[in-house]
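What follows is one structure encoded as C-alpha coordinates, with my remarks underneath.
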Amino acid sequence: VGAGAGGGTGGALTVPGAARALAGVPVLLVAERGGCAAVAMLEEAGSQPKPAELLQDFEFWACNRSSDVDGGSAGGSRVPSRVYRTLGYKHVRRRLNALWEDRRLLVACYGTFSWLRSGAFGKDEDNGPPDAEDLRRGTQRIAERAGKDATDEELLEWLRAELRPGLPARLLASAPDGAAGEAVALVALRELFGWFRERFPYYRGACGACAEAKTEFLGLVRASPLERMSGGAAVAELYRCTACGVRTSFPRFRTVPPVLASKRGRCGEYSWTALRLLEALGFEARWVDNHAGHVWVEARVQGRWVHIDPCEAAVDTPLLYAENWGRCPKHVLAYGLCRDALGGQSNLVAISDVTGQYRPASAEAIPEEARLALEEAIAQATASEVRRAAQVAASALASAKAAVGAAGGAAVGIGAAGGLGGVEGFGR
(Lines give C-alpha, C1' and ligand atoms only; values in the text may rest on other atoms or scores of the structure.)
Protein backbone atom coordinates (compact mmCIF):
# COMPACT_ATOMS: atom_id res chain seq x y z
CA VAL A 1 0.00 0.00 0.00
CA GLY A 2 1.78 3.11 -1.20
CA ALA A 3 2.04 6.57 0.26
CA GLY A 4 -1.15 8.55 -0.12
CA ALA A 5 -3.34 5.48 -0.53
CA GLY A 6 -6.82 5.80 0.86
CA GLY A 7 -7.35 9.42 -0.08
CA GLY A 8 -9.08 11.66 2.44
CA THR A 9 -9.00 11.84 6.18
CA GLY A 10 -12.57 10.81 6.99
CA GLY A 11 -13.42 7.42 8.50
CA ALA A 12 -11.23 4.45 9.32
CA LEU A 13 -9.30 3.15 6.33
CA THR A 14 -10.12 -0.28 4.96
CA VAL A 15 -7.00 -2.42 4.95
CA PRO A 16 -6.81 -4.86 2.01
CA GLY A 17 -6.89 -8.54 2.92
CA ALA A 18 -3.55 -9.06 1.22
CA ALA A 19 -1.97 -6.55 3.60
CA ARG A 20 -3.47 -8.26 6.63
CA ALA A 21 -2.12 -11.60 5.46
CA LEU A 22 1.53 -10.51 5.52
CA ALA A 23 2.84 -12.25 8.62
CA GLY A 24 5.09 -10.09 10.76
CA VAL A 25 4.48 -6.91 8.73
CA PRO A 26 1.98 -4.49 10.31
CA VAL A 27 -0.13 -2.02 8.39
CA LEU A 28 0.67 1.53 9.49
CA LEU A 29 -1.19 4.82 9.37
CA VAL A 30 1.23 7.74 9.08
CA ALA A 31 0.69 11.49 9.27
CA GLU A 32 3.59 13.61 8.07
CA ARG A 33 4.60 17.23 7.61
CA GLY A 34 7.75 19.30 7.67
CA GLY A 35 10.12 16.51 8.67
CA CYS A 36 7.92 15.31 11.54
CA ALA A 37 5.50 12.38 11.62
CA ALA A 38 2.99 10.44 13.69
CA VAL A 39 2.44 6.69 13.37
CA ALA A 40 -0.22 4.20 14.45
CA MET A 41 -0.70 0.53 13.67
CA LEU A 42 -3.99 -0.37 12.01
CA GLU A 43 -6.04 -3.28 13.33
CA GLU A 44 -4.15 -3.30 16.61
CA ALA A 45 -6.05 -4.89 19.48
CA GLY A 46 -8.21 -2.27 21.15
CA SER A 47 -7.21 0.43 18.67
CA GLN A 48 -8.83 1.44 15.40
CA PRO A 49 -7.13 4.74 14.54
CA LYS A 50 -8.90 7.05 12.10
CA PRO A 51 -6.95 9.31 9.75
CA ALA A 52 -8.75 12.45 10.95
CA GLU A 53 -7.97 11.65 14.61
CA LEU A 54 -4.32 10.89 13.96
CA LEU A 55 -4.00 14.06 11.89
CA GLN A 56 -5.60 16.18 14.60
CA ASP A 57 -3.29 14.81 17.30
CA PHE A 58 -0.26 15.14 15.05
CA GLU A 59 -0.94 18.77 14.11
CA PHE A 60 -1.60 19.77 17.74
CA TRP A 61 1.69 18.16 18.75
CA ALA A 62 3.66 19.56 15.79
CA CYS A 63 2.37 23.08 16.36
CA ASN A 64 3.10 22.96 20.08
CA ARG A 65 6.49 21.34 20.16
CA SER A 66 8.68 23.17 22.65
CA SER A 67 11.45 25.35 21.30
CA ASP A 68 14.15 23.17 22.86
CA VAL A 69 13.26 20.17 20.68
CA ASP A 70 16.22 19.10 18.57
CA GLY A 71 16.01 20.62 15.12
CA GLY A 72 13.26 23.12 15.87
CA SER A 73 9.56 22.79 15.21
CA ALA A 74 7.35 21.77 12.33
CA GLY A 75 4.72 24.22 13.51
CA GLY A 76 5.75 26.96 11.11
CA SER A 77 5.88 24.78 8.03
CA ARG A 78 3.45 25.76 5.27
CA VAL A 79 3.61 22.31 3.71
CA PRO A 80 0.22 20.64 4.24
CA SER A 81 0.07 17.48 6.29
CA ARG A 82 -0.64 14.20 4.54
CA VAL A 83 -2.00 10.96 5.91
CA TYR A 84 -1.26 7.65 4.26
CA ARG A 85 -1.03 3.93 4.79
CA THR A 86 2.13 1.92 4.41
CA LEU A 87 3.49 -1.46 5.40
CA GLY A 88 5.96 -1.75 8.27
CA TYR A 89 8.87 -3.16 6.30
CA LYS A 90 12.39 -2.84 7.70
CA HIS A 91 13.26 0.27 5.72
CA VAL A 92 10.05 1.99 6.92
CA ARG A 93 10.82 1.05 10.52
CA ARG A 94 14.40 2.33 10.15
CA ARG A 95 13.14 5.69 8.88
CA LEU A 96 10.59 6.01 11.68
CA ASN A 97 13.23 5.08 14.27
CA ALA A 98 15.49 7.80 12.91
CA LEU A 99 12.66 10.31 13.41
CA TRP A 100 12.14 8.96 16.93
CA GLU A 101 15.81 9.38 17.85
CA ASP A 102 15.61 12.96 16.53
CA ARG A 103 12.46 13.59 18.62
CA ARG A 104 10.40 14.18 15.47
CA LEU A 105 7.96 11.29 15.86
CA LEU A 106 4.68 10.96 17.75
CA VAL A 107 3.74 7.31 18.40
CA ALA A 108 0.05 6.57 18.90
CA CYS A 109 0.29 3.92 21.63
CA TYR A 110 2.59 1.47 23.40
CA GLY A 111 1.79 -1.39 21.01
CA THR A 112 3.04 0.69 18.10
CA PHE A 113 6.04 1.78 20.16
CA SER A 114 6.92 -1.83 20.95
CA TRP A 115 6.90 -2.68 17.24
CA LEU A 116 8.94 0.44 16.44
CA ARG A 117 11.72 -0.46 18.86
CA SER A 118 11.73 -4.26 18.71
CA GLY A 119 10.11 -5.18 15.41
CA ALA A 120 7.59 -7.46 17.19
CA PHE A 121 3.88 -6.72 17.44
CA GLY A 122 0.54 -8.22 18.33
CA LYS A 123 1.79 -10.11 21.39
CA ASP A 124 -0.07 -10.22 24.70
CA GLU A 125 -0.66 -12.67 27.55
CA ASP A 126 -3.25 -14.58 25.54
CA ASN A 127 -0.66 -15.30 22.86
CA GLY A 128 1.42 -17.40 25.21
CA PRO A 129 4.11 -16.98 27.87
CA PRO A 130 6.88 -14.39 27.68
CA ASP A 131 9.87 -15.40 25.59
CA ALA A 132 13.57 -15.24 26.45
CA GLU A 133 13.87 -11.68 25.12
CA ASP A 134 11.04 -10.53 27.40
CA LEU A 135 12.84 -12.10 30.36
CA ARG A 136 16.17 -10.55 29.38
CA ARG A 137 14.53 -7.13 29.57
CA GLY A 138 13.47 -7.99 33.13
CA THR A 139 16.97 -8.97 34.20
CA GLN A 140 18.38 -5.89 32.50
CA ARG A 141 16.03 -3.67 34.53
CA ILE A 142 17.54 -5.04 37.74
CA ALA A 143 21.16 -5.34 36.61
CA GLU A 144 21.59 -1.94 34.98
CA ARG A 145 20.66 0.34 37.82
CA ALA A 146 21.17 3.94 36.90
CA GLY A 147 24.19 5.58 38.48
CA LYS A 148 22.09 8.67 39.17
CA ASP A 149 19.54 6.81 41.30
CA ALA A 150 19.22 7.63 44.99
CA THR A 151 21.49 5.82 47.45
CA ASP A 152 20.22 3.85 50.45
CA GLU A 153 21.45 6.61 52.76
CA GLU A 154 19.60 9.31 50.80
CA LEU A 155 16.39 7.29 50.82
CA LEU A 156 16.62 6.60 54.56
CA GLU A 157 17.11 10.29 55.21
CA TRP A 158 14.05 11.05 53.06
CA LEU A 159 11.94 8.45 54.89
CA ARG A 160 12.91 9.82 58.30
CA ALA A 161 11.91 13.32 57.18
CA GLU A 162 8.60 12.29 55.59
CA LEU A 163 7.19 9.46 57.71
CA ARG A 164 5.46 9.65 61.07
CA PRO A 165 8.06 9.57 63.88
CA GLY A 166 8.84 6.05 64.98
CA LEU A 167 7.77 4.29 61.78
CA PRO A 168 11.23 4.24 60.15
CA ALA A 169 12.68 2.66 63.29
CA ARG A 170 9.94 0.02 63.36
CA LEU A 171 10.54 -0.73 59.69
CA LEU A 172 14.29 -1.06 60.23
CA ALA A 173 13.59 -3.43 63.12
CA SER A 174 11.29 -5.44 60.82
CA ALA A 175 13.96 -6.15 58.19
CA PRO A 176 15.16 -9.77 57.88
CA ASP A 177 17.85 -9.37 60.53
CA GLY A 178 15.67 -7.29 62.84
CA ALA A 179 14.14 -8.35 66.12
CA ALA A 180 10.47 -7.82 65.17
CA GLY A 181 8.34 -10.82 64.28
CA GLU A 182 6.48 -11.31 61.01
CA ALA A 183 3.16 -9.96 62.30
CA VAL A 184 4.80 -6.74 63.53
CA ALA A 185 6.69 -6.39 60.25
CA LEU A 186 3.54 -6.76 58.16
CA VAL A 187 1.74 -4.10 60.23
CA ALA A 188 4.63 -1.67 59.70
CA LEU A 189 4.76 -2.40 55.96
CA ARG A 190 1.01 -1.87 55.60
CA GLU A 191 1.34 1.48 57.36
CA LEU A 192 4.21 2.47 55.05
CA PHE A 193 2.42 1.64 51.82
CA GLY A 194 -0.92 3.02 52.99
CA TRP A 195 0.88 6.31 53.51
CA PHE A 196 2.67 5.88 50.16
CA ARG A 197 -0.54 5.50 48.18
CA GLU A 198 -2.02 8.63 49.77
CA ARG A 199 1.06 10.70 48.95
CA PHE A 200 1.71 9.16 45.53
CA PRO A 201 -1.61 8.64 43.71
CA TYR A 202 -1.82 6.66 40.50
CA TYR A 203 -1.40 9.08 37.60
CA ARG A 204 -4.24 8.97 35.08
CA GLY A 205 -3.29 11.84 32.79
CA ALA A 206 -4.56 14.86 34.74
CA CYS A 207 -3.71 18.27 33.30
CA GLY A 208 -0.54 19.73 34.75
CA ALA A 209 -1.90 23.31 34.47
CA CYS A 210 -5.49 23.23 35.76
CA ALA A 211 -5.57 19.71 37.31
CA GLU A 212 -8.53 18.82 35.10
CA ALA A 213 -8.89 15.04 34.99
CA LYS A 214 -10.48 14.94 31.53
CA THR A 215 -7.63 14.92 29.07
CA GLU A 216 -7.02 13.28 25.70
CA PHE A 217 -4.03 11.03 25.16
CA LEU A 218 -1.97 12.29 22.22
CA GLY A 219 0.74 9.64 22.09
CA LEU A 220 4.34 8.95 23.01
CA VAL A 221 7.46 10.96 22.22
CA ARG A 222 11.10 10.41 23.05
CA ALA A 223 11.97 11.89 26.44
CA SER A 224 14.01 15.07 26.49
CA PRO A 225 17.79 14.92 27.02
CA LEU A 226 17.33 16.19 30.58
CA GLU A 227 14.66 13.56 31.35
CA ARG A 228 16.86 10.82 29.92
CA MET A 229 19.95 11.97 31.78
CA SER A 230 18.42 12.77 35.18
CA GLY A 231 15.69 10.14 35.39
CA GLY A 232 16.49 7.44 32.84
CA ALA A 233 13.23 8.11 30.98
CA ALA A 234 13.02 6.69 27.47
CA VAL A 235 9.52 7.90 26.62
CA ALA A 236 7.10 10.62 27.68
CA GLU A 237 3.32 10.42 27.37
CA LEU A 238 1.55 13.52 26.06
CA TYR A 239 -1.97 14.64 27.03
CA ARG A 240 -4.16 17.50 25.80
CA CYS A 241 -6.50 19.09 28.35
CA THR A 242 -10.11 19.30 27.20
CA ALA A 243 -10.70 22.29 29.48
CA CYS A 244 -7.73 24.64 29.02
CA GLY A 245 -6.05 23.12 25.96
CA VAL A 246 -2.64 22.89 27.63
CA ARG A 247 -0.39 19.97 26.76
CA THR A 248 0.95 17.91 29.67
CA SER A 249 3.99 15.64 29.48
CA PHE A 250 4.38 12.56 31.67
CA PRO A 251 7.96 11.21 31.42
CA ARG A 252 8.22 7.55 32.39
CA PHE A 253 11.12 7.86 34.82
CA ARG A 254 13.19 4.84 35.77
CA THR A 255 14.94 6.31 38.83
CA VAL A 256 13.55 7.30 42.22
CA PRO A 257 14.40 11.01 42.74
CA PRO A 258 12.18 12.50 39.99
CA VAL A 259 9.28 10.26 41.07
CA LEU A 260 9.56 11.44 44.67
CA ALA A 261 9.75 15.05 43.45
CA SER A 262 6.82 14.93 41.00
CA LYS A 263 4.57 12.52 42.95
CA ARG A 264 3.39 11.16 39.63
CA GLY A 265 3.66 7.57 38.55
CA ARG A 266 2.06 4.27 37.76
CA CYS A 267 3.04 0.72 38.57
CA GLY A 268 6.36 1.03 36.70
CA GLU A 269 7.56 4.06 38.65
CA TYR A 270 6.03 3.10 41.98
CA SER A 271 7.19 -0.52 41.97
CA TRP A 272 10.79 0.57 41.40
CA THR A 273 10.48 3.24 44.08
CA ALA A 274 9.04 0.66 46.49
CA LEU A 275 11.86 -1.77 45.73
CA ARG A 276 14.52 0.85 46.44
CA LEU A 277 12.79 2.05 49.64
CA LEU A 278 12.59 -1.54 50.89
CA GLU A 279 16.27 -2.12 50.11
CA ALA A 280 17.20 1.09 51.92
CA LEU A 281 15.30 -0.18 54.97
CA GLY A 282 17.30 -3.41 54.93
CA PHE A 283 14.81 -5.74 53.25
CA GLU A 284 15.83 -8.10 50.49
CA ALA A 285 13.47 -7.18 47.66
CA ARG A 286 12.74 -8.30 44.12
CA TRP A 287 10.73 -6.90 41.21
CA VAL A 288 7.70 -8.90 40.02
CA ASP A 289 6.18 -8.78 36.52
CA ASN A 290 2.98 -10.53 35.42
CA HIS A 291 4.01 -9.91 31.78
CA ALA A 292 0.50 -8.63 31.09
CA GLY A 293 0.90 -4.95 31.95
CA HIS A 294 1.39 -4.82 35.73
CA VAL A 295 4.41 -4.95 38.03
CA TRP A 296 4.86 -4.95 41.81
CA VAL A 297 7.47 -6.12 44.33
CA GLU A 298 8.14 -8.77 46.94
CA ALA A 299 10.07 -8.31 50.18
CA ARG A 300 11.67 -11.05 52.22
CA VAL A 301 10.13 -10.91 55.70
CA GLN A 302 11.41 -13.35 58.31
CA GLY A 303 12.48 -15.78 55.58
CA ARG A 304 9.29 -15.54 53.49
CA TRP A 305 8.72 -13.60 50.26
CA VAL A 306 5.78 -11.22 50.80
CA HIS A 307 3.72 -9.64 48.01
CA ILE A 308 3.64 -5.79 48.06
CA ASP A 309 1.75 -3.68 45.51
CA PRO A 310 2.35 0.05 46.18
CA CYS A 311 -0.40 1.13 43.76
CA GLU A 312 -2.97 -0.79 45.80
CA ALA A 313 -1.36 -0.35 49.24
CA ALA A 314 -1.57 -4.15 49.30
CA VAL A 315 0.74 -6.21 51.53
CA ASP A 316 0.67 -10.01 51.61
CA THR A 317 -2.43 -10.32 49.42
CA PRO A 318 -1.15 -12.28 46.40
CA LEU A 319 -4.66 -13.33 45.30
CA LEU A 320 -5.66 -9.66 44.84
CA TYR A 321 -5.49 -9.84 41.04
CA ALA A 322 -7.42 -13.07 40.63
CA GLU A 323 -10.10 -12.27 43.21
CA ASN A 324 -10.47 -8.47 43.07
CA TRP A 325 -9.32 -7.60 39.57
CA GLY A 326 -10.86 -10.62 37.86
CA ARG A 327 -7.55 -11.25 36.08
CA CYS A 328 -5.95 -14.48 37.21
CA PRO A 329 -2.23 -14.16 36.36
CA LYS A 330 -0.79 -16.73 33.97
CA HIS A 331 2.92 -15.98 33.97
CA VAL A 332 4.37 -14.18 37.01
CA LEU A 333 8.14 -13.89 37.29
CA ALA A 334 10.29 -12.34 40.01
CA TYR A 335 13.65 -10.70 39.24
CA GLY A 336 16.16 -10.07 41.99
CA LEU A 337 19.86 -9.82 42.69
CA CYS A 338 21.32 -13.05 44.07
CA ARG A 339 23.24 -13.22 47.30
CA ASP A 340 26.91 -14.13 47.26
CA ALA A 341 28.66 -16.51 49.65
CA LEU A 342 29.07 -13.71 52.22
CA GLY A 343 25.38 -12.74 52.15
CA GLY A 344 25.86 -9.56 50.13
CA GLN A 345 24.36 -8.73 46.74
CA SER A 346 26.12 -10.23 43.74
CA ASN A 347 25.92 -8.81 40.22
CA LEU A 348 23.82 -11.78 39.07
CA VAL A 349 20.05 -11.51 38.56
CA ALA A 350 17.92 -14.57 39.27
CA ILE A 351 14.59 -15.28 37.57
CA SER A 352 11.99 -17.07 39.70
CA ASP A 353 8.66 -18.39 38.44
CA VAL A 354 6.24 -17.41 41.21
CA THR A 355 3.02 -17.84 39.23
CA GLY A 356 1.61 -20.42 41.64
CA GLN A 357 1.61 -17.94 44.53
CA TYR A 358 -0.74 -15.62 42.62
CA ARG A 359 -3.28 -18.18 41.40
CA PRO A 360 -6.05 -19.61 43.61
CA ALA A 361 -6.26 -23.36 44.09
CA SER A 362 -9.44 -23.40 42.00
CA ALA A 363 -7.75 -21.89 38.93
CA GLU A 364 -7.37 -24.03 35.84
CA ALA A 365 -3.95 -25.57 35.36
CA ILE A 366 -1.54 -23.77 33.05
CA PRO A 367 -1.38 -25.75 29.76
CA GLU A 368 1.65 -28.03 29.61
CA GLU A 369 2.82 -26.48 26.36
CA ALA A 370 2.85 -23.00 27.90
CA ARG A 371 4.59 -24.24 31.04
CA LEU A 372 7.35 -25.92 29.05
CA ALA A 373 7.76 -22.87 26.83
CA LEU A 374 8.21 -20.65 29.89
CA GLU A 375 10.76 -23.07 31.38
CA GLU A 376 12.73 -22.92 28.14
CA ALA A 377 12.57 -19.13 28.08
CA ILE A 378 13.82 -18.99 31.69
CA ALA A 379 16.68 -21.35 30.82
CA GLN A 380 17.71 -19.24 27.84
CA ALA A 381 17.47 -15.94 29.72
CA THR A 382 19.37 -17.44 32.66
CA ALA A 383 22.20 -18.57 30.37
CA SER A 384 22.35 -15.08 28.88
CA GLU A 385 22.40 -13.53 32.36
CA VAL A 386 25.24 -15.84 33.49
CA ARG A 387 27.29 -14.73 30.49
CA ARG A 388 26.59 -11.07 31.22
CA ALA A 389 27.49 -11.43 34.90
CA ALA A 390 30.68 -13.32 34.00
CA GLN A 391 31.70 -10.52 31.64
CA VAL A 392 31.10 -7.94 34.38
CA ALA A 393 33.15 -10.01 36.84
CA ALA A 394 35.96 -10.46 34.30
CA SER A 395 36.00 -6.73 33.60
CA ALA A 396 36.16 -5.96 37.32
CA LEU A 397 39.03 -8.45 37.74
CA ALA A 398 40.94 -6.91 34.83
CA SER A 399 40.46 -3.44 36.31
CA ALA A 400 41.67 -4.64 39.70
CA LYS A 401 44.76 -6.22 38.15
CA ALA A 402 45.47 -3.02 36.24
CA ALA A 403 45.16 -1.05 39.49
CA VAL A 404 47.59 -3.43 41.17
CA GLY A 405 50.05 -2.99 38.35
CA ALA A 406 49.71 0.79 38.49
CA ALA A 407 50.41 0.68 42.22
CA GLY A 408 53.72 -1.03 41.62
CA GLY A 409 52.68 -4.65 41.68
CA ALA A 410 51.53 -4.83 45.29
CA ALA A 411 49.92 -8.15 46.00
CA VAL A 412 46.18 -7.91 46.28
CA GLY A 413 43.92 -10.92 46.76
CA ILE A 414 40.98 -10.87 44.38
CA GLY A 415 37.98 -12.63 45.91
CA ALA A 416 34.98 -14.11 44.24
CA ALA A 417 32.55 -11.40 45.34
CA GLY A 418 31.78 -10.38 41.75
CA GLY A 419 31.84 -13.87 40.33
CA LEU A 420 29.27 -16.63 39.96
CA GLY A 421 30.39 -19.03 42.68
CA GLY A 422 28.59 -19.45 45.96
CA VAL A 423 25.49 -17.61 44.79
CA GLU A 424 22.46 -18.50 46.89
CA GLY A 425 19.28 -19.54 45.16
CA PHE A 426 20.31 -18.76 41.60
CA GLY A 427 17.89 -20.07 39.01
CA ARG A 428 15.21 -21.12 41.48
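What is the gain in length, in nm to one decimal, between Gln140 and Ala173 on full extension, counting 0.36 nm per residue of separation less the C-alpha to C-alpha distance? Could the numbers behind the result be given before it?
Details: separation 33, 0.36 × 33 = 11.88 nm, distance 3.11 nm.
Length gained between Gln140 and Ala173: 8.8 nm.
How much length would be gained if the chain were fully extended between Glu182 and Asn324, taking 0.36 nm per residue of separation minus their Cα-Cα distance, in nm to one decimal? Before the final figure, lay out the partial values.
On the way: separation 142, 0.36 × 142 = 51.12 nm, distance 2.48 nm.
Contour length minus the Cα-Cα distance gives 48.6 nm.
A simple packing score, the average count of other Cβ atoms within 10 Å per residue, orders the peptides 238-247, 130-139 as 130-139, 238-247, with the highest score first.
Between Ile366 and Lys214, the contour length at 0.36 nm per residue exceeds the alpha carbon distance by 50.7 nm.
Name the GluC sites (Glu not before Pro) in the stretch 361-411 that are in a loop by DSSP and that have at most 16 other C-beta atoms within 10 Å, would you?
Working: sites: Glu364, Glu368, Glu369, Glu375, Glu376, Glu385; in loops: Glu364.
Loop-located and lightly packed - Glu364.
Inter-label distance, Glu376 to Tyr110: 2.7 nm, where each label sits 7 Å from its Cα along the C-beta direction. Coupling constants for the stretch 388-394 follow from the phi torsions by the Karplus curve (6.51 cos²θ - 1.76 cosθ + 1.60, θ = phi - 60°), and in residue order they are 4, 5, 5, 5, 5, 5, 5 Hz; glycine and proline get x. The alpha carbon gyration tensor of the stretch 226-277 gives principal lengths a ≥ b ≥ c with a/c of 1.5 or higher and a/b greater than b/c, which makes the shape prolate.
Measuring r between the beta carbons of Arg95 and Arg117 and using R0 = 22 Å, the FRET efficiency lands at 0.95.
Once neighbouring chains are kept in place and the probe is 1.4 Å, which whole percent of the accessible area of the stretch 162-211 is contributed by carbon and sulfur?
Details: 1470 of 2610 Å².
Taking all protein chains in place, the stretch 162-211 shows 56 percent carbon and sulfur surface.
Over all other residues within a Cβ to Cβ distance under 12 Å of Glu191, the charged ones net out to +3, with Lys and Arg as +1 and Asp and Glu as -1. Accessible surface ranking for Arg164, Arg359, 1.4 angstrom probe, highest first: Arg164, Arg359. For the pair Glu154 and Ala396, label points projected 7 Å from Cα toward Cβ lie 2.2 nm apart. With a ≥ b ≥ c the root eigenvalues of the C-alpha gyration tensor of the stretch 274-388, is it rounded (a/c under 1.5), prolate (a/b larger than b/c) or oblate? Here the stretch 274-388 falls in the oblate category.
The values are calculated or read from the model by the stated rules, or taken from the named source; none is laboratory data. Computed from a predicted structure; not experimentally measured. A quick note on method: Cβ atoms are made from the backbone with ideal geometry, for glycine too, and the neighbour counts reach across all protein chains shown. Heads up: the accessible areas ignore ligands, DNA and RNA and are worked out on the full protein's heavy atoms, side chains in. Shrake-Rupley method; radii C 1.70, N 1.55, O 1.52, S 1.80 Å.
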